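Remarks on the structure that follows.
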Amino acid sequence: MKFAIVANDLPKSQNVKRNLEKKLLECHMVEDEKHPEIVITIGGDGTLLSAFHKYQDQLESIRFVGVHTGHLGFYTDWREDEIDDLVVSLQSDNGQSISYPLLEVQVKYANEPHMKKYIALNEAALKKIGTTLVTDVYIGGEFFESFRGDGLCVSTPTGSTAYNKSLGGAVVHPNLEVMQVAEIGSINNRVFRTVSAPMIIAPRDWVTLYPDHGTDFVLTIDALTKSGCKIEKIMFKIAKQRIYFAKYRHQHFWRRVQDAFIGDANGV
């Protein structure tokens with residue numbers, strides 16, 4: 001098995017990385033940072049997001065495993081003190097996996113001839129600096145509304161537990177291959193109207209934004225931030241690609257939600 005390890009810069013994570021790397025090499029596994037079969041992240045969800053984008057062109061041939069060295073991460077199944085158990089699971093690997101939907105984002109920048117394509121694991125959001133975002137919203141090619149407010153966030157099912165949730169969006173199970181559009185500070189009065197509620201969009205429909213002219217847009221795609229750019233059009237859709245996790249002890253989705261936001265059943 002070919003593996004790669006991606007760790008954050010914290011001393012604890014770097015120590016775990018060195019320990020795990022040594023154990024895997026002793027088991028005659030091959031370290032291959034360019035074309036791994038398994039990518040092990042050590043840190044938290046931010047570290048896994050970084051690894052996802054590093055290897056986003058190889059998603060069909062890679063499975064991810066997350067080890068958390070701080071607070072429990074939504075995408076991380078293993079603790080730092082379970083490295084020996086993880087090594088045993090990797091040795092007995094038979095290719096088992098679980099996959100989640102991703103978001104495809106296509107952006108047409110002014111003065112560029114072609115659409116720029118991105119992939120998001122959690123979400124993409126469009127905002128404007130200092131002024132109100134004004135954009136026409138189309139769903140499935142049909143005009144839906146003219147939005148005015150701070151911005152719009154489009155999330156995947158697993159991303160529905162992140163920024164989307166803080167905006168009042170619904171938590172969506174990843175078995176549903178849908179995306180969700182949540183408003184950020186929308187303006188609703190006698191003159192301007194929006195739907196003023198999160199929307200769950202079917203997998204075949206594109207959500208397309210035509211923002212008003214300007215260059216003070218901020219576009220975020222997971223941890224990537226594009227600011228000060230002139231955007232003519234943005235299109236969102238559930239991607240054809242998926243992310244795959246090695247299913248050694250991958251937690252049930254609702255257990256993850258419970259662990260992340262509620263705690264155990266006894267309230268501890």
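The single condition among (1) outside any strand (DSSP E or B); (2) in contact with a Cys (Cβ under 6 Å, 6 or more places away or on another chain); (3) not hydroxyl-bearing (Ser, Thr, Tyr) that ALA182 does not meet is (1). Of the strands (runs of 3 or more DSSP E) lying entirely inside the stretch 197-268, the ones with 2 or more residues being in contact (Cβ under 8 Å) with a residue 12 or more places away in the chain, surrounded by 16 or more Cβ atoms within 10 Å (Cβ to Cβ) and among the β-branched types (Val, Ile, Thr) are found at 207-211, 217-221, 231-246. Only one of GLY73, GLY46 is small (Gly, Ala, Ser), crowded, with 20+ Cβ neighbours inside 10 Å and within 25 Å of GLU123 (Cβ to Cβ); which? When all the criteria are applied, what remains is GLY73. Residues that are in a strand (DSSP E or B) and farther than 18 Å from PHE74 by Cα within the stretch 3-51 comprise PHE3, ALA4, ILE5, VAL30, GLU31, ILE38, listed in sequence order.
Residues that are in a strand (DSSP E or B) and crowded, with 16+ Cβ neighbours inside 10 Å within the stretch 109-121 comprise TYR109, TYR118, ILE119, ALA120, listed in sequence order. Apart from one condition, ASP81 fits all of (1) at positive phi; (2) in a helix (DSSP H, G or I); (3) of a type outside the set (Val, Ile, Thr); the exception is (1). When residues of the stretch 122-131 are filtered for being surrounded by 15 or more Cβ atoms within 10 Å (Cβ to Cβ) and not in a strand (DSSP E or B), how many remain? Qualifying residue count, the stretch 122-131: 1.
Rule-based calculations on the coordinates, nothing more; no lab input. Just so we're clear, the structure is a prediction, and the values are computed from it rather than from any experiment. Positions of Cβ are generated from backbone atoms using ideal geometry, with glycine treated the same way; all protein chains shown enter the neighbour counts.
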